[in-house]
Amino acid sequence: MSEATGPVPVDDSTAEAWRSFGARLRRWRGRAGLTQAQVGARVGYDHTAISRLERGSRRTPLPLARRLDELLLAHGELLAACEEAEDQERSGGEPGSPATVRNGPLPGEPAGGALVAMLPPGTVLPAVLPAYGLVCPVHGREGCSVPVLTDVIALHAAFCAPGPDTQSRPALDHDTVHALTALLAVCLRADEERAWPGATAVVERTLHAMLRWMALPAAPYQDRLAPLAAEYAQSAGCLRLLWGRNGTAMAWLDRSLQWAAMAGHVGTQVAALSDMSTLARLEGDGPSALAYGRAIGEAAAGRHWAGALSDLYQARGHAVRGDAVRTLRHIDRAWSQMDRAGGRDETEAPWLSVASVRLRVESGAAGALRDLAAVTGDRRFALRAVGAARTALALLPPGMHSARMLFLARMADAHACAGDPAAAQAVAGPVLDTTEINPSTLLGQELRGLHARLAARGAGRPETEDFVRRLAAVVR
């Protein structure tokens, strides 16, 4: 046998899920007119193993479920049943629920220091809110003024001061809320324009102060801070994710979900779940990636913008597992939902005014199709990935340097998957020429995949040999 099946966990709900899979396997085997021995011989298992799978006493590895589904012409039913059982097992018996750790330890507070020294050179605050997709948690979209930089620095210092008695803190005034919102906008814009590492320190230092404020018994603190704290925590998780710090990213994202639920902010919940799905996929945890993708649709049921993102992240989860049928189905549904998104979306998810639903769907479709091409070796998927990446690049607003480099690397990798190393080199060349690359970042991971494919498919080609060496020096 090529995979270990392992015993089914003792949890009643999980055991029932595997028994359900076994019953479906037995039904489809009967329809195919095959014995257990015949099925076992064709998938590399003893007939006694097939018998245990049908009884639900042994768990079924996903690759085996896929082979069984194809052999018995089950049209995806066996694969779906296996994924449901895995999902139930991972979530501790509650079907469809991503397994998250509530109130777990959070990253340590960054060392103190003057905020002005931590900000990027030439920092310019937005004059008014909303800004960079962030709205004031007090005034919403009505519009409000931001204090000048010197006042923002003073307000931030007072907000972050530990103080001997947290219950003697002054009221959380509007100027402080405006300052903190504008400061997050500065950090996100600076990181987007040039992958600024200092953004994480500023955001997390502020977050630790928010944790202290949120612990106070006075309700106004929580009511006023919860939506902004959720935005900060989601941003901290996203920044940690971009820099390859996956464990601490998940801790912040989990806290963001809690605060977003407290504040009733659907947009922030969706943003956090999207990042959680990406994290799970990068960690090779396909069932959780899919569960988080489904949770997006559940958190914002009936919203086309959330439906598009839910289908998109499910497509990416299926793509890395080589499931072409489901990947393409979810991409098509994401495009369909995208076309129906309207004005309500920006009210519920202000960040969509910066990165539109269309941009996210096209870039995500490019990633899913590229992953599918890498797993299946099908050049058609790679060429479709090139087209989607090109569309996403055309939709990018000016100045989004980090996203542009990521999309270029993804397009180059799609060219490599399509068997066109010269095009891959032409597209990725500017990335290496203009960007300082950290191997642990998302960009570094994209380039690592490109290097692996060019090294394998471009071996012995003089026209790509030097470029492959340059890539190796960057990603290792």
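Coordinate-derived values only; no laboratory data. Because the structure is predicted, anything quoted here is derived from the model rather than measured. Neighbour counts are summed over all protein chains in view; Cβ atoms, including those assigned to glycine, are modelled from backbone coordinates with ideal geometry.
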Legend entry - ALA301/ARG141 FRET efficiency (R0 25 Å; Cβ-Cβ; nearest 0.05): 0.60
Inset, instruction - Please give the contour-minus-distance gain from SER336 to THR434: 0.36 nm per residue of separation, less the Cα-Cα distance, rounded to one decimal in nm. - result: 31.7 nm
Inset, instruction - Can you tell me the equivalent ellipsoid semi-axes for the stretch 109-264? Use √(5λ) from the Cα gyration tensor, largest first, whole Å. - result: 21, 19, 16
Legend entry - the stretch 12-90, relative contact order [Cα under 8 Å, separation at least 6], %: 38 percent
Legend entry - For the stretch 285-395, the spread of Cα positions along each principal axis, largest first, Å: 42, 32, 19
Inset, instruction - Can you tell me the alpha carbon radius of gyration of the stretch 367-476 divided by the globular rule-of-thumb value 2.2 N^0.38 Å? - result: 0.98
Legend entry - Over the chain, relative contact order from alpha-carbon pairs under 8 Å, at least 6 apart, %: 9 percent
Inset, instruction - Express the relative contact order of the stretch 109-264 as a whole percentage, based on alpha carbon pairs under 8 Å and six or more residues apart in sequence. - result: 22 percent
Legend entry - Where labels lie 7 Å past Cα in the beta-carbon direction, separation of ALA452 and ALA422 in nm: 2.7 nm
Inset, instruction - Measure nothing but the geometry: give the 0 to 90° angle between the long axis through the Cα atoms of 62-71 and the longest principal axis through the Cα atoms of the chain, rounded to 10°. - result: 40 degrees
Legend entry - Crossing angle, helix 462-475 versus the chain [Cα axis fit, 0-90 degrees, rounded to tens]: 60 degrees
Inset, instruction - May I ask you to work out the translational diffusion coefficient for the stretch 222-292 at 37 °C, viscosity 0.692 mPa s, via Stokes-Einstein with Rh from the Kirkwood sum over Cα pairs, reported in whole µm²/s? - result: 280 µm²/s
Legend entry - Equivalent-ellipsoid semi-axes of the stretch 12-90, from the Cα gyration tensor, Å, largest first: 19, 13, 11
Legend entry - Karplus-derived HN-Hα couplings along the stretch 281-295 (A = 6.51, B = -1.76, C = 1.60, θ = phi - 60°), whole Hz, x at Gly and Pro: 5, 5, 7, x, 9, x, x, 5, 4, 5, 5, 5, x, 5, 5
Inset, instruction - Measure out, as a whole number of angstrom, how far apart the alpha-carbon centroids of the stretch 404-473 and the stretch 213-292 sit. - result: 32 Å
Legend entry - Förster radius 30 Å - calculated FRET efficiency between ALA23 and HIS47, Cβ distance, rounded to 0.05: 0.95
Legend entry - Answer label, with semi-axes √(5λ) of the Cα gyration tensor in Å calculated from the coordinates and candidates [x] 42, 29, 19; [y] 35, 27, 21; [z] 41, 33, 21: [x]
Inset, instruction - Give a residue-ordered list of calculated ³J(HN,Hα) values for the stretch 227-240 (Karplus: 6.51 cos²θ - 1.76 cosθ + 1.60, θ = phi - 60°; whole Hz; x for Gly, Pro). - result: x, 6, 4, 4, 4, 4, 5, 5, 5, 4, x, 5, 5, 4
Inset, instruction - Report, to the nearest 10°, how far helix 149-160 tilts away from the longest principal axis of the Cα atoms in the chain, using its own Cα long axis and a range of 0 to 90°. - result: 70 degrees
